[in-house]
Amino acid sequence: MDVPLIVSELNKLAGVKAFEYLSMCTEGGSSYIKEQIEESNLSRIVVAACTPKTHQPVFHAILREAGLAPRYLEFVNIREHCSFVHQQDREKANKKAIELIKAGISRARLLEDIPTKTLPVIREALVIGGGIAGLTAAIDLGDAGHKVYLVEKNTTIGGRMAQLDRTFPTDDCSI
């Protein structure tokens, strides 16, 4: 992908400061982002890079350290969505990356900091249905230390399985 071209196109947008750095998720990248936030008084960050699955917590920490709420981060996965799928068409990959990043910028402008509230968890669960799935869920939850309430509308548990005499292909007793 032509990163300088993409950065140049994005810098044409009002209120946007786009920049490139070889590896944003490294310690050097972290310092660079924090410097950019401070120098340019940035209020939202859009990271256009690889998957957020592994790197989003890194960038949340960077924002926290820079004094921004982690919710002011928008992640655009241009590696999997552009460079990987359009390896044979660089122009298409660049064009798609620019459009995805523009969409990310538009979304970032709307981001709000929603406070996180931690509440105590009651280790109880309600399982509705005493069929195979309900019984399996109840057993698994009980094994995990939860108190389980099992609700079944019929007078017996086991669901459809309890109505069968034998099962295919082993001819085992269904009960």
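Where a number appears in this text, it was derived from the coordinates with a stated rule and is not lab data. This structure is a prediction, so every number in the text was calculated from the model and none was measured. Every residue, glycine among them, receives a Cβ derived from its backbone with ideal geometry; neighbour counts consider all protein chains shown.
Quick notes on this structure:
- Potential extension, Asn41-Lys153 segment - 0.36 nm per residue separation minus Cα distance: 34.3 nm
- Projected area, mean over directions - the stretch 3-108, Cα convex hull, nm²: 6.2 nm²
- The GNM of the chain, with springs linking C-alpha atoms under 10 angstrom apart, assigns the highest mean-square fluctuation among Ala61, Ala18, Ala162 to Ala162.
- Amide H within-cut-off set for Ala48, under 5 Å, with H built and near neighbours excluded: Val76
- Neighbourhood charge, 14 Å Cβ-Cβ cut-off, centred on Ala144 and excluding it, Lys, Arg +1 and Asp, Glu -1: -1
- One chain, two ends: Glu80 and Ser8. Fully extended at 0.36 nm per residue, the span grows by 23.8 nm beyond their Cα-Cα distance.
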